[in-house]
1. In sequence order, what are the phi-derived ³J(HN,Hα) couplings for segment 273-283 according to the Karplus relation 6.51 cos²θ - 1.76 cosθ + 1.60 with θ = phi - 60°, rounded to whole Hz, with x for glycine and proline?
2. If packing is taken as the average number of other Cβ atoms within 10 Å across a peptide's residues, how do 237-248, 146-157, 261-272 rank, most packed first?
3. Please list the non-local residues whose amide H lies under 5 Å from the amide H of residue 123, H modeled 1.01 Å from N, same-chain partners needing a gap of 5 or more.
4. Dividing the alpha-carbon Rg of segment 2-121 by 2.2 N^0.38 Å yields what?
5. With a 10 Å radius around each residue's Cβ, average the other Cβ atoms per peptide and rank 19-28, 126-135, highest first.
6. Around residue 145, which amide H atoms from residues at least 5 apart in sequence, or from another chain, sit under 5 Å from its own amide H, with H modelled in the peptide plane?
7. For segment 72-164, what is the relative contact order in percent, using Cα pairs closer than 8 Å and at least 6 residues apart in sequence?
8. Over segment 82-134, what is the mean sequence separation of C-alpha contacts under 8 Å (at least six apart), divided by residue count, expressed as relative contact order in percent?
Amino acid sequence: MRALLVVNPLATATTQRIRDVLVSALAADLHLETVATKGRGHAIELAERATDAGVDLVVAFGGDGTVNEIANGLLRAGPVPGAPALAVVPGGSTNVFARALGYSASPVEATGELLEALREGRSRRIGLGHATFTSRSGISQSRWFMFCAGLGVDAAVVERVERKRVRGRRNTPGLYLRSALGQFVRGAGRHRPPITITTDEPGQTAGAARAAGAAGAAADGADPGTARPGTVQAVVVCNTTPWTYLDSRLVRACPAASFDTGLDLLGLRRLTLARTAHAGLQMLHSARGPHGKNVRALHDQHTITLTAARELPFQMDGEYIGPQAQVTLRSEPRALRVIV
């Protein structure tokens, strides 16, 4: 089997020693080529070349940003038969996608799990999210995402973290928490533009989504089973659960989300300190995830459009994309074959 190993040498958990162990282990079972990325966007190019060259497997060794880029390269022309499969060895600080697939957080342990899956021929096709939006120059753009997208506050935190990392700060859960607190304090007392949510189908509910949707409908004066616009001040869209991790703890924004269903959404109607803290505690401690009158939740949606009164920060898979006033997110079932 021909395989390409794409390594992000700047990823948090990536060291030369771990790279050597990984390359040695994979090369024993695969006809392996290894390439280190040189900057943002390089992994997309490498995955595109691998597809054109008829490579069977692309292995990502890096964080979620590296995985996202490789997936976008593999899906350059959309889901097509015969495209390379994707495998992941966690090398970043959080590694949401790899862990959501069931891999260990340790890159060494995950390598052993990957080799076992390859020897046993285990793979599955998973659904992904696809976003369309407009660049600042007015050009329509599209991009795939693996596990989440967000418009507003969470994307502002991602942007804040990226700026600190450029200045040499280490990417840790503590950095995210401090950045989130700083972002909230900076925005205190400011008018937050509403984000309008529209869907192309009735809002399906399951578990927490059902309870939260019913509560939200009562606040909106609308039936939770009808496709209708509604407004929130913060929103995340999930393609799986968890939304992220806090060290080893799952952060469940949309507990019913799955690679085998459509997109799930969590919206917060008001971003007061008390309400936001309450939702955060529910994400950490409740299997239902956030629920209550301040929550708007949707489950298993094919298309979700987010429209803001003015441009807001936008992120996908923990990577800052830029300011957007409108984003359309679509679910694509069975888009990519992964080794599990």
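Each reported figure results from applying straightforward, stated rules to the coordinates on display, with no laboratory input. On a predicted model such as this, the values are computed, not experimentally measured, just so you know. When we count neighbours, we look across all protein chains shown, and the Cβ atoms used for this are built from the backbone with ideal geometry, even at glycine.
1. Running phi through 6.51 cos²θ - 1.76 cosθ + 1.60 with θ = phi - 60° gives 4, 5, 5, 5, 5, 5, 5, x, 5, 5, 4 Hz.
2. Details: 237-248: 20.7, 146-157: 26.7, 261-272: 22.3.
So the peptides 237-248, 146-157, 261-272, ranked by packing, come out 146-157, 261-272, 237-248.
3. Residues meeting the amide H criterion: 340.
4. On the way: Rg = 12.9 Å, N = 120, 2.2 N^0.38 = 13.6 Å.
Against the empirical 2.2 N^0.38 Å value, I get 0.95 for segment 2-121.
5. Values: 19-28: 15.6, 126-135: 19.2.
Taking the mean over residues of other Cβ atoms within 10 Å, the ranking is 126-135, 19-28.
6. Correct list: 129, 130, 131.
7. Details: 57 pairs, mean separation 17.1, N = 93.
Relative contact order comes out at 18 percent.
8. On the way: 23 pairs, mean separation 14.0, N = 53.
About 26 percent, as a whole number.
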